[in-house]
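What follows is a single structure, written as structure tokens, with notes after it.
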Amino acid sequence: MRDYPLENRYAFPAHEVAFNKGASISLSPVKGGFVVHVLGDAKSDEAALKQTINKIAPELGTDVRGHSPNQWFWVGSVDISNDRLAEISAALHPQFVMTDQTHGRVRMKLSGPSSRVVLAKGTMVDLSPDLFAIGQSAMTQIGHIGAMITRVADDSFELIVLRSFAGSLWDELQHMAAEFSHG
């Protein structure tokens, strides 16, 4: 996969701690884990991808999030070595190819009863509980920044964004959550 050593650097140098605006909203970085971009051929689907992953890397789970037609982000909470990623890539069914995005994408979690209100200020995706189920993802814009939103629990969303936009999105989310700082 990689022929050079990677140096891990925190994506939020100016934001060392998460913010918590009481019980109504909190934002925190998701540290560790992996993000792998998987591309499939025209005949591939999410079920086939999950089945393949479960067969070759069951210990990593099958949290697969639809990115666009025949493209997914495979996300997990454990760190993976370059050697293990190379093994997985070699064992993938020929209809899939993968690219490690772990160091190019940042994950953050927005939680609390006001999380939908905050996100509604920046995106047009309808995040109503009856329309946006737990586990559902959508590629969208939050303000001017492209991001993937995934509902991970009742009032909790994980955002995946390009690393170079992480600080800007963090700042934007703080502004959007400002009304909840006094209560």
Item checked: Output for the stretch 112-139, where each listed residue is assigned to a strand (DSSP E or B) and among the aliphatic types (A, V, I, L, M) -> 138, 139
Next item on the list: For the stretch 121-161, enumerate the residues that are loosely packed, with under 15 Cβ neighbours inside 10 Å, closer than 23 Å to residue 33 by Cα and in contact with a helix residue (DSSP H, G or I) (Cβ under 8 Å, 6 or more places away or on another chain).
Entry: 146
Check: Failed condition for residue 93, given (1) more than 17 Å from the chain's Cα centre (by Cα); (2) surrounded by fewer than 13 Cβ atoms within 10 Å (Cβ to Cβ); (3) not aliphatic (A, V, I, L, M), with all others met?
Finding: (2)
Checklist line | Which numbered condition residue 149 fails, given (1) farther than 25 Å from residue 48 by Cα; (2) in a strand (DSSP E or B); (3) in contact (Cβ under 8 Å) with a residue 24 or more places away in the chain | finding: (1)
Check: Within the bounds of the stretch 104-111, is there any residue that is assigned to a strand (DSSP E or B), under 12 Å from residue 35 (Cβ atoms), in contact with a Ser or Thr (Cβ under 9 Å, 6 or more places away or on another chain) and of a type outside the set (A, V, I, L, M, F, W, C)?
Finding: no
Note to self: Considering only the stretch 147-158, I want to know if a residue exists there that is among the β-branched types (Val, Ile, Thr) and more than 13 Å from residue 30 (Cβ to Cβ).
What the structure shows: yes
Check: Give me the pairs: first residue in the stretch 80-105 and under 14 Å from residue 40 (Cα atoms) and at pLDDT 90 or above, second residue part of a strand (DSSP E or B) and of a type in the set (Asp, Glu), beta-carbon distance under 9 Å, and six or more apart or on different chains, which are they?
Finding: 89/100
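So which residues in the stretch 25-53 are in a helix (DSSP H, G or I) and aliphatic (A, V, I, L, M)? Step through it out loud before you land on a result.
Our first condition is that a residue be in a helix (DSSP H, G or I); within the stretch 25-53, this holds for 46-53.
Residues satisfying the conditions are 47, 48, 49, 53.
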Check: Looking at the stretch 119-146, which of its residues are without any contact (Cβ under 8 Å) to a residue 12 or more places away in the chain and hydrophobic (A, V, I, L, M, F, W, C)?
Finding: 120, 131
Next item on the list: Restrict the check to the stretch 40-62 and report whether at least one residue is surrounded by 13 or more Cβ atoms within 10 Å (Cβ to Cβ) and within 14 Å of the chain's Cα centre (by Cα).
Entry: yes
Notebook entry, point to check: Any chance the stretch 14-26 includes a residue that's of a type outside the set (A, V, I, L, M, F, W, C), in contact with a helix residue (DSSP H, G or I) (Cβ under 8 Å, 6 or more places away or on another chain), on the phi < 0 side of the Ramachandran plot and at pLDDT 90 or above?
Noted result: no
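Please verify whether the stretch 54-61 includes one or more residues that are assigned to a strand (DSSP E or B) and touching a Lys or Arg at 6+ places or on another chain (Cβ under 9 Å).
There is no residue in the stretch 54-61 that is assigned to a strand (DSSP E or B) and touching a Lys or Arg at 6+ places or on another chain (Cβ under 9 Å).
The values are calculated or read from the model by the stated rules, or taken from the named source; none is laboratory data. Note that this is a predicted model, so its numbers are computed, not measured. Positions of Cβ are backbone-derived with ideal geometry, glycine not excepted, and every protein chain shown enters the neighbour counts.
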